[in-house]
Structures are given as C-alpha cells and as structure tokens.
Amino acid sequence: QNTVIQAPESIVAHDSTSMQSQIETLQKQTSVYKKKLAEQLIMSQTDPLTRLPNRQAYNEKLSKAVQSWQDNGDDLAVAVIDIDHFKRINDTWGHTRGDLILTKIAEVCEQSLRPTDVIGRFGGEEFVVGLPHTSPSEAQTIAERLKENVEALPLTAELSELCLSVTIGIAAAH
C-alpha cells in the first residue's frame with residue numbers, strides 16, 4: 001500500500017522562493033563569468049603595449065581576407081612595417097622611450113588605415129598590415145602615406161633630434 005505524504009504549502013512556497021533565489025544568484029554569477037571570459041579573450045588577442053591585435057589575432061583576421069582572395073579573386077596586399085634603427089633608439093633613449101615610440105607609431109598607423117584594413121603587432125618593432133581589396137599601386141600609396149605620417153609624428157623636446165622612419169615591404173596578389 002502506497003502512502004502519500006503532503007508537505008505543508010508554506011514549506012513548498014519557501015522551497016520555491018529559495019530555489020528562485022538560487023537561480024537568480026547563478027544567473028548573476030554566469031553573467032559575471034561571461035563578461036570576464038570576454039575580457040580575457042580580448043586580452044589574449046591584444047598586444048599589451050600597443051593595444052593592436054597580436055600576431056595570433058592578426059593571423060585569424062588575415063586568413064579571412066586570404067579566403068576571400070581565393071574564393072573571389074579579390075586583390076589582396078600585405079605590408080610589413082619595420083621601425084628603422086629601433087635598437088639604437090632603445091640603446092640611446094632607453095626602453096621606456098622605445099615603448100612610447102612603438103605606441104605612437106602603432107597609433108598613427110592605425111589612424112592612417114581604412115576600416116577594412118587589418119593591422120597587428122608582429123613582434124619587436126615590426127607591424128603587419130593586411131590590405132584587402134587593394135591593388136599593388138593602392139598598397140604603394142598606403143605605404144607612402146604611412147611613412148609620411150610616421151615621419152611627421154611630433155616628438156617631445158627630449159627626443160627632438162630623433163628622426164623617426166619606417167621601412168615598409170609590400171607583397172600583393174591579384
């Protein structure tokens with residue numbers, strides 16, 4: 001013979017309220033964890049000094065442009081930017097000033113590019129730029145603009161005798 005035991009309604013209501021409270025707490029914790037995970041993902045793909053995409057993130061973005069080039073025959077160019085005499089800058093003015101120059105050059109490069117272009121810090125004093133839908137002559141024009149903008153960067157009085165310049169190599173597929 002089966003016996004049914006019924007809990008008083010006040011206990012059921014309390015348990016339901018308690019469970020709802022636990023669910024809300026877990027939802028809040030999940031939201032916090034998702035936000036932290038998103039922040040960590042961004043940090044893992046960002047160069048901490050220049051705030052540009054790091055090599056891994058750049059490679060992922062460039063692979064999409066390469067796929068478009070392969071699928072559609074779109075023009076594609078890649079530019080590699082190297083800061084001229086960067087070791088001498090670090091040796092003469094110190095790594096703190098060298099880091100400042102890296103960040104300034106990264107900023108001017110990023111500001112000089114189109115929204116469709118992809119820039120990343122490749123390592124050391126090197127940056128790489130993916131130029132989707134860009135012919136070789138357009139890539140040359142962009143590279144010249146980047147060089148001019150770097151050379152025009154205002155420097156502090158302490159660095160006034162420094163003449164910043166970059167060397168840019170271009171590879172293009174069309």
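See the values below:
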read-out	value
Over segment 105-149, relative contact order from alpha-carbon pairs under 8 Å, at least 6 apart, %	39
Largest-first ordering by accessible area, 1.4 Å probe, given options Met43, Met19	Met43, Met19
Whole-percent carbon and sulfur share, accessible surface of segment 27-103, 1.4 Å	54
Which labelled figure in (1) 33, 20, 12; (2) 54, 24, 11; (3) 27, 17, 16 is semi-axes √(5λ) of the Cα gyration tensor in Å, once derived from the coordinates	(2)
Heavy-atom SASA rank of Leu76, Leu100, Leu41 (probe 1.4 Å, accessible area, largest first)	Leu41, Leu100, Leu76
Order of exposure, largest accessible area first, which applies to Leu113, Leu155 with probe 1.4 Å	Leu155, Leu113
Over 32 Å between alpha carbons, listed pairs Lys36/Lys61; Lys35/Lys61; Lys34/Lys87; Lys35/Lys147; Lys36/Lys87	Lys34/Lys87; Lys35/Lys147; Lys36/Lys87
Cα→Cβ-extended label distance, 7 Å offset, between Ser31 and Asn149, nm	3.9
Relative contact order computed over the chain (Cα-Cα under 8 Å; 6+ residues apart), in percent	27
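The values are calculated or read from the model by the stated rules, or taken from the named source; none is laboratory data. Remember, it's a predicted structure, so these values are computed and weren't measured experimentally. Heads up, the Cβs are rebuilt from the backbone with ideal geometry, glycines too, and the neighbour counts pull from every protein chain shown. Protein only, heavy atoms only, side chains kept; ligands, DNA and RNA dropped before computing areas. Shrake-Rupley method; radii C 1.70, N 1.55, O 1.52, S 1.80 Å.
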